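Visitor: Here it is, the structure, as structure tokens.
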Amino acid sequence: MTHTFHRLLAPLAAAFLMLAAASCHRSVVENNLAAQVEAQELIRSSQSWDGVELPDYLEGRPELVAMRYVFPPGQKLGWHHHVAMNYGVLVQGELTIIGLDGKQKTVREGEAVIEMVGTIHHGENRGKKAAVLYMFYLAKKDMPLAVQHPEIPLE
């Protein structure tokens, strides 16, 4: 009877040990992965960079748009305004945003910015390397991301 008991128990014990080892391995892997993930809030606000309150959400079905912009050194983007709320993160270089009223904000590498909505402004790269900007828009289908104002000359 002891021999039969051991013969039945041995495979169960082996299976238990394998499951325990796999569980320990999975816990170690999960803990290592969790240790590698870092979360950092870059920005949270209901105002654009110039202190103006953002408009209420659009009604209807949203269309979320993500864009990557690259501004070569010395490049100026023409005067424009946004209809949709948008924000972004500058991942390389620096970019200066200038409002028609003369207010300015220089966004540096790693910084987030909430853009003006309905306010005419332009951006320019005054730095020595390309500025790379990722922008995220809360738009609607067929809504322009920017409305250009070519009638306003750049200085």
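Visitor: Go through LYS76/LYS128; LYS105/LYS129; LYS103/LYS141 and tell me which ones have a Cα-Cα distance over 24 Å in this structure.
Guide: Correct reply: LYS103/LYS141.
Visitor: Where does each of ASP50, ASP101, ASP56 land when they are ranked from fewest to most other beta-carbon atoms within 10 angstrom?
Guide: By the 10 Å Cβ count, ascending: ASP56, ASP101, ASP50.
Visitor: Shifting gears a bit: Within 10 Å of each candidate Cβ there may be at most 16 other Cβ atoms; applying that plus a DSSP loop requirement, which trypsin sites (Lys or Arg not before Pro) in region 66-119 survive?
Guide: Sites meeting the loop and neighbour criteria: LYS103.
Visitor: Once every Cα of region 63-148 carries one equal point scatterer and solvent is ignored, give the base-10 log of I(q)/I(0) from the Debye formula at q = 0.11, 0.18, 0.20 Å⁻¹, two decimals.
Guide: Debye curve over Cα of region 63-148, log10 I(q)/I(0) at q = 0.11, 0.18, 0.20 Å⁻¹: -0.27, -0.73, -0.90.
Visitor: Something else: What list do you get for TYR137, TYR87, TYR69, TYR57 if you sort them by fewest beta carbons within 10 Å?
Guide: TYR57, TYR69, TYR87, TYR137
Values in this text are rule-based calculations from the coordinates and carry no lab data. Here the structure is a predicted model, which means the values were calculated and not measured. Note: ideal-geometry Cβ built from the backbone for every residue, glycine included; neighbour counts use all protein chains shown.
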